[in-house]
């Protein structure tokens, strides 16, 4: 189904881009938040900058911000449209099967969440909800799919789920490719101190460049981020 992790990826990486490893003191490394970088990201998000003064790093952050916004908008628009189409289908809504009724109820809940979301957190919550719901009906990934699972999957395909999934994955692939290419350009501008300071970010890039599927690479990425986050919280 959807590589929703890619949608979340951009936001998490902007937030975790401020995770930096300072120059070790007394041979002790600790993960800290780079307040200066966090402030710069906030300025860029607000549009508080002069284009002529943008650094390679600034342009990279703007790319992540702008492209992730496009991915959000596409996913939100298409998932909303698909949900409306499915819920307008009487074959679906008038089906008396209890599992189908439950699906209709949950899809209606998503539609309400998606339309009422007015901040990033609410939008993200609604997208995760949609992803988790759709995941339940990806029959090839289910251990023992039921007849109803196949039926609901058929309803979704009838209203364009496969096309939506393929287009979204295509956009995610394009985003990830440019994300890595631009990140390498940023890395080239780092001096020795910055290479040490942003070692976590660089390690994440190396993980993402591995010759694996997108899903596998992102699993590696999220595992790394979670490990660093836990380490930071424990310190």
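Just a few scattered comments:
- The residue that is modelled with the highest pLDDT, counting only those in the stretch 30-81 that are assigned to a loop (DSSP other than H, G, I, E, B) and touching a strand residue (DSSP E or B) at 6+ places or on another chain (Cβ under 7 Å), is 34.
- Residue in the stretch 154-166 that is surrounded by the fewest Cβ atoms within 10 Å (Cβ to Cβ), counting only those that are closer than 22 Å to residue 71 by Cα and in contact (Cβ under 8 Å) with a residue 40 or more places away in the chain: 160
- Selection count, the stretch 141-165, where residues are closer than 18 Å to residue 73 by Cβ and in a helix (DSSP H, G or I): 3
- Residues that are surrounded by 12 or more Cβ atoms within 10 Å (Cβ to Cβ) and outside any helix (DSSP H, G or I), drawn from the stretch 82-131: 89, 95, 97, 117
- Sub-8 Å Cβ pairs linking a first residue in the stretch 167-187 that is closer than 14 Å to residue 64 by Cβ to a second residue that is loosely packed, with under 13 Cβ neighbours inside 10 Å and modelled with pLDDT under 85, at least 6 apart or interchain, are 180/209, ordered by first then second residue.
- Residue in the stretch 20-29 that is assigned to a loop (DSSP other than H, G, I, E, B), touching a strand residue (DSSP E or B) at 6+ places or on another chain (Cβ under 8 Å), under 23 Å from residue 207 (Cα atoms) and at pLDDT 50 or above present: no
Residue by residue, here is whether (1) modelled with pLDDT under 85; (2) assigned to a helix (DSSP H, G or I) holds:
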{"residue": "167", "(1), (2)": "no, yes"}
{"residue": "176", "(1), (2)": "yes, yes"}
{"residue": "190", "(1), (2)": "no, no"}
{"residue": "194", "(1), (2)": "no, yes"}
{"residue": "202", "(1), (2)": "yes, yes"}
{"residue": "206", "(1), (2)": "yes, yes"}
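The values are calculated or read from the model by the stated rules, or taken from the named source; none is laboratory data. In this text, all values refer to a predicted model and were calculated from it rather than measured experimentally. We place every Cβ from the backbone using ideal geometry, glycine too, and count neighbours over all the protein chains shown.
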